[in-house]
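Inspection log for the structure reproduced underneath, given as structure tokens.
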Amino acid sequence: MKEKDKIKSGFSRRKFIKNSAIASSVFIVPRHVLGGVGFTAPSDQLVLAAIGAGGKGTSDILNASVKGREKVIALCDVDFSGSAKRSVENFPTAKLYSDFREMLEKEKDIDAVTISTPDHVHGPAAKFAMDRNKHVYVQKPMTHNIREARMLTELARTKKVVTQMGNQGGSNPLLDMVQKWVDSDVIGKISKVQIWTNRPVWPQGFAMPAPDESQKPKDLNWDLWLGPAKQMPYTPNLHPFSWRGWWDYGTGALGDVGCHLIDIPFRTLGLKYPTDAECSVGSVYSQMWNADYHPEGCPPSSFITLHFAATSKSKSNIEMTWSDGGIRPSHPEIIPASNDIGGKNSQNGVLIIGEKGLISTNINDSSPLMPKLYLNDGTTDFGPEVEDQSEPEYGHQRKWVDACKAGFNSKEHKELTSSFDYAGPMTETVLMGNLAIRSYMLRKENEAGRMDFYARKKLLWDGENMRITNLEEANQFVGRTYRAGWEM
């Protein structure tokens with residue numbers, strides 16, 4: 001095998017150089033002697049690039065650089081006049097690109113990329129990079145739809161690349177406290193999980209704004225921003241953030257924080273694919289008796305129910321409910337009325353409910369997890385409400401970088417909390433809620449000239465084969481239609 005082929009197949013440059021030196025029996029002066037404590041030789045640096053350098057991408061690529069320990073050689077963004085300017089300031093020698101495909105074709109030395117674009121570009125960008133043997137760190141949700149998540153999960157194994165989804169709370173060490181409570185059976189048989197959020201906190205639940213080319217920022221490459229979505233004129237207020245509420249680009253409240261909230265019970269209870277999904281959504285009435293109908297966008301609020309088969313950790317079937325739009329569960333009697341449920345002001349949270357008590361946590365992004373145990377006999381156990389983070393975002397990006405350097409299937413790789421082997425199935429579960437919401441809005445005219453919403457039923461899910469088995473029309477939302485040149 002040629003040297004360059006070894007590198008492409010996962011044999012890192014660092015290991016090649018190190019092994020070559022050993023084989024030649026040449027005495028090497030220790031790097032710390034040459035460069036000082038903490039010095040990393042260029043041959044040991046991971047060569048990084050960012051796809052999406054603004055917004056969350058700013059901290060993703062900065063944290064992945066590990067305070068300059070690694071080398072960032074390129075930044076890609078569709079609008080460097082916005083928040084991406086901060087990444088340019090952080091990495092002034094990096095080359096700038098607007099099209100990630102061009103960047104990855106030209107910059108052959110790139111080892112790994114962070115992907116922090118709007119949701120609809122996650123899948124195409126990750127696949128393009130992984131097809132070229134690049135390690136990938138992809139913001140949550142891992143993909144825009146279920147089919148893409150399954151495809152990337154399988155591709156990571158085939159290409160032997162190191163992956164991580166950007167649900168940084170998965171690296172929060174306080175999850176060990178929740179896991180211990182679950183594993184010790186202290187709350188007894190668990191049968192129900194309740195999850196809620198105050199999202200959406202962006203405009204959502206109304207008609208798509210009208211296009212207006214005159215308002216397009218001069219430096220924004222709108223065609224590249226659209227990516228796999230259908231061609232349309234520039235529409236104000238989608239870029240850089242309010243795209244979240246429109247199905248062509250975003251994944252709503254579930255996509256925004258579902259990977260932070262659902263992650264907690266999915267991980268600690270060892271859940272697999274759900275067996276079914278059912279939903280209802282909030283309606284807005286601009287006129288009497290006729291609810292507004294905007295299937296192109298997410299609703300103002302939703303309530304989702306998922307069921308899961310028993311696992312070795314859960315030991316029983318689980319019913320999981322999700323509510324967004326500020327709708328939350330009733331305050332459990334076991335928790336004092338003066339105490340918040342979940343996080344601060346009860347705005348976001350998770351309740352894992354057992355026969356002997358319950359576990360309450362906050363959203364698990366970079367907010368304090370605030371794990372609390374309440375038992376029916378009055379026993380309580382609380383984790384800290386203020387977390388002492390020794391490094392940004394629990395070292396989530398740094399751990400991915402270390403695993404990239406150690407290699408596929410290394411100890412460091414296996415210890416990652418959100419590699420695609422885990423993040424893929426979890427993301428599919430999150431996106432099942434959106435499949436239910438979009439199916440809920442399906443309608444057709446009946447013989448009387450009225451609209452029947454024929455899909456408002458429990459949807460039965462064959463997770464292994466990614467199919468709704470009792471309503472064929474719902475399967476259109478397992479994947480999506482791609483614009484030419486962006487297919488997956």
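Return the sequence-ordered ³J(HN,Hα) values of segment 78-84 in whole Hz as given by the Karplus equation 6.51 cos²θ - 1.76 cosθ + 1.60 applied to θ = phi - 60°, using x for Gly and Pro.
With the stated coefficients, segment 78-84 comes to 7, 7, 7, 7, x, 5, 5 Hz.
Find, to one decimal place in angstroms, the Kirkwood hydrodynamic radius of segment 140-269, where the mean of 1/r is taken over every pair of different Cα atoms and then inverted.
Kirkwood hydrodynamic radius for segment 140-269: 17.9 Å.
For 79, 131, what's the fewest-to-most ordering of other Cβ within 10 Å of each Cβ?
131, 79
Simple spin-label model, 7 Å along Cα-to-Cβ: residue 411 to residue 99 in nm?
4.5
If you scale each eigenvalue of the Cα gyration tensor by 5 and take the root, what three semi-axes come out for segment 207-356, rounded to whole angstrom and sorted largest first?
Sorted largest first and rounded, they come to 36, 19, 16 Å.
Taking the dipole about the Cα centre of the chain, with the C-beta of Lys and Arg at +1 and of Asp and Glu at -1, give me whichever of 43, 425, 400 is farthest to the positive side.
43
So how do 363, 334 line up by other beta-carbon neighbours within 10 Å, fewest first?
Listed from fewest to most nearby Cβ atoms, that is 334, 363.
Which whole-number value in Å³ per residue fits the convex hull of the alpha carbons of segment 275-395?
Per-residue hull volume (Cα only) is 189 Å³.
Can you compute the charge dipole magnitude of segment 261-394 about its Cα centre, using +1 on each Lys and Arg Cβ and -1 on each Asp and Glu Cβ, nothing else charged? Give it in debye, rounded to the nearest 20.
380
Nothing charged except the Cβ atoms of Lys and Arg (+1) and of Asp and Glu (-1): what's the magnitude of the dipole of segment 116-275 about its Cα centre? Round to the nearest 20 debye.
500
Quick check on packing: order 395-403, 150-158, 266-274, 464-472 by the mean number of other C-beta atoms within 10 Å, highest mean leading.
Going by the mean number of other Cβ atoms within 10 Å, highest first, we get 395-403, 266-274, 150-158, 464-472.
What residues from segment 255-279 fall in the zone where the backbone N is under 14 Å from a label point 7 Å along the Cα-to-C-beta line of residue 309?
In segment 255-279, the label zone of residue 309 (backbone N under 14 Å from the point 7 Å along Cα→Cβ) covers 271-276.
Work out the FRET efficiency for residue 388 and residue 334 from their Cβ-Cβ distance, taking R0 = 35 Å, and round it to the nearest 0.05.
0.75
What number, rounded to the nearest 500 deg cm²/dmol, is the helix-based mean residue ellipticity at 222 nm of the chain, given -39500 (n - 2.57) per DSSP H run of at least four residues and division by all its residues?
Calculated mean residue ellipticity at 222 nm is -7500 deg cm²/dmol.
Just the ratio, please: alpha-carbon radius of gyration of the chain over 2.2 N^0.38 Å, N its number of residues.
Working it through for the chain, the quotient is 1.02.
No lab work stands behind these numbers, since they all come straight from the coordinates. Because the structure is a prediction, the values reported are computed rather than measured. Here Cβ is always computed from backbone atoms with ideal geometry, including for glycine, and neighbour counts include all displayed protein chains.
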